[in-house]
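Enquirer: Attaching a single structure in structure tokens format; questions to follow.
The values are calculated or read from the model by the stated rules, or taken from the named source; none is laboratory data. Model, not experiment: these values are computed from the prediction. Cβ coordinates were reconstructed from backbone atoms using ideal geometry, including for glycine residues, and neighbour counts include every protein chain displayed.
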Amino acid sequence: MSNAKFNQMKHRETMYGNKRISDCMKQIDNLILCMTKEKPLERIRALEQKINEVEKISNLEDVINQIKKELWSTKEVLSSSEVCAFLGISESYLYRLTSLKQIPHYKPNGKMIFFNRKELCEWILRNPAKVVESSPTINKIAL
């Protein structure tokens with residue numbers, strides 16, 4: 001290879017290298033310009049506000065789910081799952097009570113089971129525990 005060709009190739013490599021450095025510098029300048037134009041502190045504050053809004057939405061969803069779970073308190077006729085929540089018992093125990101006919105229930109189509117909320121309240125309160133007057137020893141223990 002001749003000396004002139006070698007120098008020409010070296011010159012091209014240097015120019016190419018300088019062009020790459022120049023392009024990188026332009027990109028860095030553009031990034032800095034964008035960052036200063038966009039006002040990063042304002043963007044961060046805006047993002048924080050949006051995050052707070054998402055948290056509020058999540059809290060609202062929790063409240064809505066809680067309301068859905070307690071909707072049975074206003075209904076007159078309850079399903080078996082609502083009765084389990086209302087009485088705090090398992091579904092298997094509820095089905096046992098219905099099969100033994102120990103709890104008032106209705107089967108309008110022969111399969112689905114429904115309950116009257118007022119009748120359930122009466123059923124719960126049907127056997128009150130007897131209250132014994134407190135004796136002096138209990139009072140001493142309590143103090």
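Enquirer: Which pairs have Cβ atoms under 9 Å, sit 6 or more apart or on different chains, and link a residue in segment 57-70 that is part of a helix (DSSP H, G or I) to one that is at pLDDT 80 or above?
Expert: Lys69/Ala85
Enquirer: Then there's this: For segment 78-86, indicate whether the set of residues that are of a type outside the set (Asp, Glu), surrounded by 10 or more Cβ atoms within 10 Å (Cβ to Cβ) and assigned to a loop (DSSP other than H, G, I, E, B) is non-empty.
Expert: no
Enquirer: For segment 97-125: of the residues being touching a Ser or Thr at 6+ places or on another chain (Cβ under 9 Å) and surrounded by 13 or more Cβ atoms within 10 Å (Cβ to Cβ), which is farthest from Lys68 (Cα to Cα)?
Expert: By that ranking, first place goes to Thr98.
Enquirer: Residues being surrounded by fewer than 10 Cβ atoms within 10 Å (Cβ to Cβ) and in contact with a helix residue (DSSP H, G or I) (Cβ under 9 Å, 6 or more places away or on another chain): count how many of those fall in segment 47-73.
Expert: So the answer is 0.
Enquirer: Pull out all pairs, ordered by first then second residue, where Cβ-Cβ is under 7 Å, the residues are six or more apart or on different chains, the first lies in segment 122-134 and is at negative phi and at pLDDT 85 or above, and the second is surrounded by 10 or more Cβ atoms within 10 Å (Cβ to Cβ) and assigned to a helix (DSSP H, G or I).
Expert: So the pair list comes out empty.
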